[in-house]
1. B:Tyr240's amide H: which non-local residues (gap 5+, or another chain) put their own amide H closer than 5 Å, with H modeled 1.01 Å from N in plane and none for Pro or chain starts?
2. Going by amide H atoms built from the backbone, whose H comes under 5 Å of the H on B:Ser48, apart from near neighbours?
3. How tilted is helix B:120-131 with respect to the longest principal axis of chain B? Cα atoms for both, answer in degrees (0 to 90, nearest 10).
4. Of C:Cys150, B:Cys296, how do they rank once you tally other Cβ atoms within 10 Å and put the fewest first?
5. Give me the count of lysine pairs in chain B whose alpha carbons sit under 28 angstrom apart, restricted to pairs 8 or more positions apart or on different chains.
6. When a/c reaches 1.5 or more, the comparison of a/b and b/c decides; with that in mind, is chain C rounded, prolate or oblate per its Cα gyration tensor?
7. Count the net charge of all other residues whose Cβ sits under 13 Å from the Cβ of C:His182, scoring Lys and Arg as +1 and Asp and Glu as -1.
8. Apply the Karplus curve 6.51 cos²θ - 1.76 cosθ + 1.60, θ = phi - 60°, to the phi angles in segment A:43-53 and return the couplings in whole Hz, x for Gly and Pro.
Amino acid sequence: MTITQTLAPARPTLGIRLKSTFSTGRLGLLMHSPLALASALTLFVLVLVATIGAPFAQDVANMQNLRLRFFPPFSLSHGWLYVLGADALGRSMLAQLVVGARTSFIVAGAAVGLATIVGTAIGLVSGFLGGWVDAALMRISDIIVTVPSLLLALAVLFVLEPSVINLVMVLAIGRLPIYLRVSRAQTLELRERVFVEASRAIGASDFSIIWRDIRPLVMPTVLTVAMLELAMVMLAAAGLSFLGVGLQRPDVDWGTIVSEGREYLTRAWWATVFPGMAIVITALAANLLSNWLRASGDPLQATALVAAPSRDEDARK
Amino acid sequence: MSALAMGDDITVSSSAREPLLAIRDLRVEFGPVQAVRGIDLAVKAGESVAILGESGSGKSVTGKAIMGLINPPGVVRGSVRFAGSELVGRSEAELRPVRGPGLAMVFQDSLDALNPVFSVGEQIIEILTVRLRRQRGKARAEAIALMEQVGIPNAEKRLCDYPHQFSGGMRQRICIAMAIALKPRLLIADEPTTALDVTVQAGILKLINELQRETGMALLFVTHDLAVAREVAEHLVVMYAGRIVEQGPIDELFARPAHPYTRALLSSNPGSVRHWSDLQPITGNPPDKTTVYKGCAFAPRCPRAVAQCVEVPPGLRTIAEGRDARCHFAEEVLHAR
Amino acid sequence: MIKFLSFRLTTSLIALVGVMIIVFFLARLTGSPASLYLPVDATDAMIRAFNQQNGLDQPILVQFVHFVGNVFRLDFGQSLSQQRPASEAVLSAMPQTLLIAAIAMGLTLLLSIPLGTFAALKPNSPLDRAITFFSLVTSSIPEFWFALVCVLVFSVNLGLLPTSGQGSLASWVLPVATLMLHPLGVLTQVVRGAMLETINAGYVQNARARGYSWQRLAFRHALRNASLPIITVAGDRAGGMLNGAVIVSAVFAWPGIGQVLVAAVYNRDFAVIQAGVFVVGIAVILLNILVDLIYAAADPRIRIS
């Protein structure tokens, strides 16, 4: 669930090699790649369900009906609401999944967003200023990476009471080092370039150089990493909820539902399998999409699972 | 080892006066890029031929195509017959027996051509143990002998050194040692001295000449350097825009070029020409590899070009004993003073 | 090389000290464990006595100085829940974790290297796409859910494998598979990417011109050069298996450091948490040094310079 446990910032990390993938004109290309298009549509529908469907499903999801305890799935005898079965308290699985979707998306999105903003900001400053500031920040990053992230989260959340905000904070801190390293590595390279010298020559402040000259060039790579991280953070959040320290009722995410269903694994498999499937489908769609983005940015290095936009092949001599 | 026999067997099958290497209408395309646009070439056993051309003329691609080293999306068409056997269209497995004892190659960048993670000794020994099934001890002795043969001082000690610990010239010597380890019948050298200093260059050329004389192998030497070509080859092939524009005995070509391009290359006094950079610049741009020429590819830059040159493609014609040129006015160029 | 290693070791130890400081204060934040270990109706005097006995009544900074002094003697104090020294509780669990992590990483490499290589040999072929899809799927499955579904299918429904505990060979199958789930997909893609670069390198083409078999070209000449990124990621993932160990202990009740640490967090067993993080930190540092040594063994340019 964590990408690195290493104390070695000097080693090549995968993130740094990712090329810019957020250039314009991708939308048209998306149309030509069925798998990527399907992934984008899946994510779109899921987000739509989570934002529009969840408020309606909220009440239904908490409606207990003890006569429908462990009602099996794929039967319409009690209406569409129970097509995916019911849990130990007779609550509709479908409604719970819809409500869980919203929480899962909010947690993953907020954690990635927070880690991206803070991590990139620190990385930019650290890489640009260098010296002891840089050294200190890199050591802190090493520290975060050294502790198994799950254990850290376990300890912190155990202290702090489960809540959406705490979960987001813990996940964000755990993922900070990746953005920090990627943006720092790029900044280190960019600050030596001519246009930075030029800005300095006309008297631009450090802040202005970082913001106007360097940040726009670092962002595409950072966003690519963030895209890749979405699925991973989603899995991590679910894992924490599963361990009982992520979220607790009334907050429900997909991990919580799996955790609850686990107790009845042998009696009602659907209470465990369906929420997990929801996680897998979402994560897979996000992974496929970001894989396609990478492939279209760098045809040789990245996996061209989904047809990458064609390029004129140079004669390989 | 089915269709293509190895080593001496090939001699038997090719005794019937066919040249060792016979290329017919070879074409190599990379998508829209036409790197080689149909060349015919013959190399007799023991002969040394230089292919001369600017970068982008298709000379290096020709060398790789002969070895079967063109990767997709590159497409090779035409015929390459080596020692009586067709090589184009063969599978990797069928080409393997020919590579090494039949055809060997020396590449331009010796640092790139040697595996950085194995010592040079390991890499030479590997050839002998894998391809000749030598015992390791015997292979080691042979490897040392090979390194001495190509002029590496302290060969036994340097066996354990890695490529990055050698100088450029020494590295290229090791590449040559690896190429001749299986006693090839034809050595293809792809600009082996381009990356080297002039003084080192001379040593390598001398080595290649000596080895060729000692072993009797044929040599196909790809270069962009007139002086280098003259030093190693008897026969010269000049390429332009993926085609052969002129070929013949090298001294005759130097004395009396029959193609305006060769003539421009040689400038007025061939003796003074040491390098492309010394040449009278040829006006106009080098040819674009994607362009399909209706007439002569050199016409846009040719001082002699007339309307006919742009409209009608000249064929490669025999214009004198052993001399071919691809120009409507080859005879005029040949006799011009 | 030695200079590099000692620099690496120094910075790693500084990082470890930082981690220990954070863990110490973090653990104190969870409040006194008295409420957990004493009966609900414990009197104030009993709580005071408990705190005094365990040194918890002193100011936190005094406790910290005490703690630092003891760490140098590798004394992490007494485990509250296990009634034995914390270092013993942690160290006795380490071999289980190291063994299963080593098995899982070994199998992961054994599978990912050929898979990634075959994908790289024919980029964009159906095989390549299938392998890539497979690795994307594995990295999209939550480990805990994978473990549960495996229990459901193989243990509950088919009755082939035990659901939990450690005993016969069969009991290792699901925990090892769970640990491999994410590293396998990631490493396969790393192998593929690294091999794509080396397979077209000049030295591989040169070796091809000497008439070697594709197996020799791929697995000897290209793979050895592609090994640096593979080693890096394998090292990272080996360290990350400690996370997997937490999941594995939660689902399969698998003994090991994961179980010890999770229990320590729930039991507010400060001494065990501190000892555990220390030991895990040392293990990660050693792992990194091992990775550096493998680097040097794999690439003479690192060794000789």
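Values quoted throughout were computed directly from the atomic coordinates according to the rules given, and no laboratory measurement underlies them. Just so we're clear, the structure is a prediction, and the values are computed from it rather than from any experiment. Heads up, the Cβs are rebuilt from the backbone with ideal geometry, glycines too, and the neighbour counts pull from every protein chain shown.
1. B:Val245
2. Amide H neighbours of B:Ser48, under 5 Å, 5+ apart: B:Leu219, B:Glu234, B:His235.
3. Taking Cα atoms only, the helix is inclined about 90 degrees.
4. Values: C:Cys150 21, B:Cys296 26.
Sorted ascending by nearby Cβ count, the order is C:Cys150, B:Cys296.
5. So the count works out to 17.
6. On the way: a/c = 3.41, a/b = 1.72, b/c = 1.98.
Oblate.
7. Details: positive: C:Arg237; negative: C:Glu143, C:Asp236.
Around C:His182, the charge tally is -1.
8. Whole-Hz 3J(HN,Hα) from phi for segment A:43-53: 4, 4, 4, 4, 5, 4, 4, 5, 7, 8, x.
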